[in-house]
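Working notes for the structure below.
Each value in this text was obtained by applying a stated rule to the coordinates, not by laboratory testing. Not measured: the values here are computed from a predicted model. Backbone-built Cβ (ideal geometry, glycine too); neighbour counts: all protein chains shown.
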Amino acid sequence: MNSSLLFNVTTVAYFAAMVVFIVYLTSANKSVGFVATLICWVGFIANTGAIGMRWVEAYAMGYEQAPLSNLYESVVFFSWSILLIYLIFDLKYKQRAIGAFVIPFAFGGMIWAQWSLDATIAPLVPALQSNWLTYHVITCFIGYAAFALACGVSIMYLIKVGKEERSAKDSPIGGILGMFPSSKVLDDLNYKAIMIGFPMLTLGIITGAAWANYAWGTYWSWDPKETWSLIVWFIYAAFLHARFTRGWVGRRVAWLSIFGFAATIFCYLGVNLVLSGLHSYGG
Amino acid sequence: MDKEKHFTDELWDFFCSLKLAIITLILLATTSIIGTVIEQNKSPQEYMQNYGMSESTYKALDTLQFFDMYHSYWFLSLMGIFAVNLICCSIKRLPRIIKIVREPTLVADDNLFRTFSNKGEVVAEGTIESVRDKVVALLGSKFAAPVVTEQDGKVYLFSQKGALSRFGVYVTHTSILVIFLGAMIGNIWGFKAYINIVEGKSVDAVWPRAGQTPIPLGFEVRCDNFEVTFYEGGGRPKDFTSDLVVLENGKEILKKTIEVNDPLSYKGLTFYQSSYGPTGDPVYSFRVKNRETGETVTVKGAQGKRLALPGGTALTPLGYAESYQNFGPAAQVKIGTGAPFIVMKNYPQFDEKRGGAYSVSLLEATQSYYTGLQVAKDPGVWVVWLGCLLMVLGSCGAFFLSHRRIWVSIEQLDKGIGVKFGGNAHRNQPGFVLYFDELTKDFNDTLSS
């Protein structure tokens, strides 16, 4: 058994969970939803094990580094983080249907990593050899994962709220949309996810600034990655204030959450793939 | 006069409004993109070449300060509006929050009870005093010790938890202002500079990033030794280190080996390992074997020099690589006027295969390096960290805690002692509903028995 086998198990499990969640939405069968969640757990455990084994494998090769050293490792960690946040939300709020809109992000990450990213374990360049790397990456990715969940929930909100407005007040909505939580619950879940993501992103930016100051002598240099993380921060700060402002509650807030996640993805991947800067080695 | 007051009021409301906050945040987010797409602080030639800009486009963008946008007047103004907005909001809302926390409503009349979505009623046996004591004990153990007020023959209890979390938002807002302050201190009294020190040499001044005149340090920094190591079987640098010594009036004060991610600090200045490079020509030593006679000699000398070999000819070292195609240190040499060839330190037998009158192996090559250091002075950095700490604490208060309050009134009714209780939370309502259901059970259990 090695990490790449476990990563394959993870990918298959996330794919299966995604499919079973969609079946759950169409069949409205509670035990199908339970099976989907169970598969999520299997995938999550495999994902955890795979990351752990990769850590051991790197040490065996003589590289004392956490498995967060390149794009491949960060993408599989991103998928892991999404599952972590999703499963916490599932345990706490028991809204099975959102799995259909959240797990695809995790599956997308895994399949991309498995198909087209370089999985070789390579040593870290000197600039990344620091414990700050671990704190910085973990806080950022928990934040990103919470934003992924918020985005999935916001998409559901936008689909659901239109239907709710069109249908008569007292006639219940049937079909797939009937399986969605009410728009009120979705709006609340969106807020709850961002309440986790925003402080985590803040911590991620602060640990990044502390590390930059320690390693380069400047805590902020407006490098594209830093700037994009600030852009994401601004968007979610706007979100948090918009929730208390008449005229912004509802659809606009859901759109802010979706834009926020789009900016997050650009901050995470776009900056490295499209722009250049200090983080370009990080992948 | 009346009209003027109206205008200032409107201005004040404008700067206090949440709408302004949202719009400023969105504007900051969108305009910030510009500087990530257009590389900042390059020369006019680079912009015109790399982005294919015409001169008029360049001039237009330059007028808009797009080439140093994070320090442009319009971006800093936007930040300024953001700061003023934060200050105004706090000034407007803080007094009310302080009042809520410091002067809570202790007596809950029927009007207040009507506003609660979480409330309950119990009729208990006994006297007002005995019921009061039971409720005080219950709240004390399950929630927080209440304040007791007796008024018009009725007893009122009030208890609260997490009142300080009301300030979380304001601590977070203040923290942003503190970070701004720290950044300003750094900009005014700090600098960023760089310096290259050749091994064995020392410097007493550094070159600022923007500016032509060196900044004197007031002390000397010497680099005793620089070393770079590579990952096995590859040209990727594993680590580079400089042995630095701080000297004052010729006396050694401080010694430290610095590396990437581990700088040296002295008198508010920090020296960071950032780059390195070779300086001067390397000095080599070779072992040369005459294939015919088997005679072996060792020759030493600098690059480009003709190192005489027995037999009249000479070996000339031409170049050096610290890591040659993953094979480690290598030198390029020629013998006499022959063609250049490569010898490698880690493979002394390699040259045997070449043929020719001599076989050469590289024993040692000493390359002098300079170490490239970044030098930073930032007296505002501690203010920034203080701001960050406040932001983390404030966010925790603002996001994860809530101010929960419980009011109770106890009065004599015909059928017994009437106990009304109710409460609210300023955040996380669903969590409070669950909590209040538990509390209702406790009230019923304690008072109905």
Averaged across the residues of A:224-237, what count of C-beta atoms belonging to other chains lies within 10 Å of each residue's C-beta?
4
Computed E for B:R114/A:I159 - FRET, C-beta separation, R0 35 angstrom, nearest 0.05:
0.40
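Semi-axes, largest first, in whole Å: what does sqrt of 5 times each Cα gyration tensor eigenvalue give for segment A:159-212? Please report the intermediate quantities before stating the final value.
Working: eigenvalues 303, 14, 12 Å².
The answer is 39, 8, 8 Å, longest axis first.
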Using the per-residue mean of other Cβ atoms lying within 10 Å as a proxy for protection, in what order, highest first, do the peptides A:80-91, A:55-66 fall?
A:80-91, A:55-66
With 21 Å as the limit, write out which pairs from A:K92/B:K420; B:K142/B:K420; B:K255/B:K377; B:K99/B:K142; A:K163/A:K192 have Cα-Cα distances beyond it, or answer none.
A:K92/B:K420; B:K99/B:K142; A:K163/A:K192
Could you give the nm distance between label points at B:V433 and B:E352, where each point is 7 Å from its Cα heading toward the beta carbon?
8.6 nm
Across 10 Å bins from the origin, how do the percents of Cα pairs in chain A run, short distances first?
7, 28, 33, 22, 8, 2, 0
Averaged over the residues of B:23-32, the number of partner chain Cβ atoms within 10 Å of each residue's own Cβ comes to 6
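Taking the Cβ of A:W55 as the centre, find all other residues whose Cβ is under 12 Å away and add up their charges (Lys, Arg: +1; Asp, Glu: -1). Walk me through the numbers before you get to the answer.
Numbers: positive: A:R54; negative: A:E57, A:E64, A:E73.
Counting the neighbours of A:W55, the net charge comes to -2.
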In a GNM of chain B with a 10 Å cut-off on Cα contacts, which of B:T371, B:T270, B:T296 has the highest mean-square fluctuation?
B:T296
Give the residue list of trypsin sites (Lys or Arg not before Pro) in segment B:390-429 that are DSSP loop and have at most 14 other beta-carbon atoms within 10 angstrom.
B:K415
For the protein assembly as shown, take the alpha-carbon Rg, divide it by the Kirkwood Rh, and send me Rg/Rh.
1.09
Within a Cβ distance under 9 Å of B:L244, other residues only, what is the Lys/Arg minus Asp/Glu net charge?
+1
Spatial separation of Cα centroids for segment A:8-59 and segment B:105-138, in angstrom
50 Å
Which helices pass in chain B if a helix is a full DSSP H run, must span at least 20 angstrom along its long axis by Cα, and must have mean Kyte-Doolittle hydropathy not below -0.5?
B:18-37, B:73-102, B:128-142, B:168-189, B:381-400, B:429-448
Which whole number gives the average count of other chain Cβ atoms within 10 Å of the Cβ atoms across peptide B:258-267?
3
Any lysines with Cα under 26 Å of the B:K289 Cα? List them, leaving off those in the same chain fewer than 8 positions away.
B:K300, B:K305, B:K334, B:K345, B:K353
Using alpha carbon centers only, segment B:198-256 is separated from segment B:14-41 by a whole-angstrom value of 40 Å
With only Lys, Arg, Asp and Glu charged, each at its Cβ (+1 for the first two, -1 for the last two), find how big the charge dipole of segment B:283-365 is about the Cα centre; round to the nearest 20 debye.
120 debye
Arranged from highest to lowest average of other beta-carbon atoms within 10 Å per residue, in what order do the peptides A:106-117, A:222-233 appear?
A:222-233, A:106-117
Lys and Arg at +1, Asp and Glu at -1: neighbours of B:G397 with Cβ under 11 Å from its Cβ sum to +2
Out of segment A:41-127, which trypsin sites (Lys or Arg not before Pro) are coil in DSSP terms and have no more than 12 other C-beta atoms within 10 Å?
A:K94
Sequence-distant or interchain residues sharing an amide H contact under 5 Å with B:D239, placed H: which?
B:T229
